[in-house]
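Beneath this line is the structure, given in structure tokens, with notes to follow.
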Amino acid sequence: MSSVIENTQAIQFYRPDYHVKTPDMRSPEYVQMSTAAAITLGLIPGKMHRTACTHCLNLLVTYPEGCRANCAYCGLARHREEARDYADRNFIRVDWPTVRYQDVLARVKAGADRGQFQRMCISMITHPSSDADTFVLLEQWMALLPHIPVSILSNPTTMEKADLIALKRLGAEIFTVALDAATPTIFERTRGKSVDSPHRWEKYWQAIEWAAEVFGPERFGVHLIGGLGETEQEILGVCQRIKDMGGHNHMFGFYPEQGSLMEDWPAVAHGQWRRIQLARFLIDYAGGHISSMAFNAAGQVLDFGLPADRLADIIRSGKPFQTSGCPGSDDAEISACNRPYGDSKPSDILSFPFALNELDIEMVQRQMAGELAQKT
Ligand code: SF4
């Protein structure tokens with residue numbers, strides 16, 4: 001962490017109860033927020049490597065008893081009950097300080113983000129109170145800050161279609177589903193009965209179908225993790241299916257979360273990651289289609305199905321390699337939600353939380369060329 005944030009002590013300072021359990025800090029009175037959001041709001045001092053702020057206020061519902069699921073790659077999983085305090089667990093690699101929600105609302109209302117936030121996102125967890133508390137957080141946000149659109153990162157396991165309808169009615173703009181795994185086998189192995197976790201592949205796809213119906217085109221998305229053991233063709237098949245339904249794909253590179261069941265797994269290979277980042281961008285934004293792409297027997301992309309000069313222009317834009325997620329108000333192809341260093345170290349960036357410079361693009365090209373897909 002010290003390489004990501006220049007002043008982690010400040011987080012401890014902001015939480016005076018850092019060394020004790022926090023039985024009273026629960027949503028909706030409290031939320032956790034990403035370190036990047038806390039820095040942007042001026043709640044903690046510190047500077048992110050090569051990026052001054054985030055344009056998305058990422059919030060997480062919080063309960064002392066924590067998430068009841070047990071996903072193998074997640075830092076919040078139940079098996080980590082040995083962690084001294086649920087709020088001390090890391091999530092997508094970074095710390096999530098706990099704050100009073102009314103303070104968050106007041107600070108944003110007063111402009112403490114200096115106009116940087118273009119989106120707010122509520123991440124749900126698997127907990128009996130998560131659905132109801134998400135409604136409360138959303139309602140309070142819309143009453144005070146309706147000009148900043150809200151995304152919901154849902155927990156399909158505890159939700160019914162009526163919940164999506166209610167969220168839309170309360171003002172949520174985008175509904176997303178963290179499918180994470182690209183195949184039913186990997187889903188079961190990492191999030192299902194095999195790891196004593198309650199999630200079911202079928203329920204997640206049902207929620208995606210509800211989202212397409214209730215929220216409509218361009219207003220729903222799916223989170224996917226590249227590098228959980230799927231082939232490039234498999235994960236891009238899901239991207240195409242989501243695009244065909246009218247949604248977008250938000251990609252995360254697998255990076256082993258310390259303390260998770262998969263902490264000893266290798267991070268996603270560079271070549272594989274760059275190819276799926278590029279192909280995902282082509283599918284979501286550049287008129288690409290998986291049926292025009294060519295794959296080898298191992299499911300690696302051999303041909304992206306675009307004329308070489310057009311492909312080179314898109315690569316040189318750097319956009320495919322930036323963090324993918326819900327849009328902001330500037331460029332629909334660029335995510336407001338840049339999740340700085342949520343899937344990699346600053347010294348070896350998988351999802352760039354900022355626009356790439358020429359050196360970054362050269363490095364990305366070398367990574368793709370260095371692990372060229374085998375033809376057979
Ligand atoms: S991409 Fe970001 S804003 Fe959108 S749902 Fe995911 S975490 Fe939330």
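Below is a table of values for the structure above.
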read-out: log₁₀ of I(q)/I(0) at q = 0.07, 0.08, 0.12, 0.13 Å⁻¹ - the chain, Debye sum with one point per alpha carbon; value: -0.28, -0.37, -0.89, -1.06
read-out: Charge context of residue 228, other residues only, Cβ under 11 angstrom, K/R +1, D/E -1; value: -1
read-out: Dipole magnitude of the chain, debye to nearest 20 (Cβ charges: Lys/Arg +1, Asp/Glu -1, about Cα centre); value: 220 debye
read-out: Net charge dipole size for the range 167-225 [Lys, Arg +1 and Asp, Glu -1 on Cβ; Debye, nearest 20]; value: 140 debye
read-out: Relative contact order (%) - criterion: Cα under 8 Å, at least six apart; region: the range 9-370; value: 16 percent
read-out: Greater than 21 Å apart at Cα, pairs in 319/345; 168/193; 109/161; value: 168/193; 109/161
read-out: Packing-based ranking, highest mean first, of 247-255, 222-230 given that Cβ atoms within 10 Å are counted; value: 247-255, 222-230
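Read the figures in this text as sums done on the coordinates, not as results from a lab. Source: prediction; values computed, not measured. All Cβ positions, even for glycine, are placed from backbone atoms using ideal geometry, and neighbour counts span all protein chains on display.
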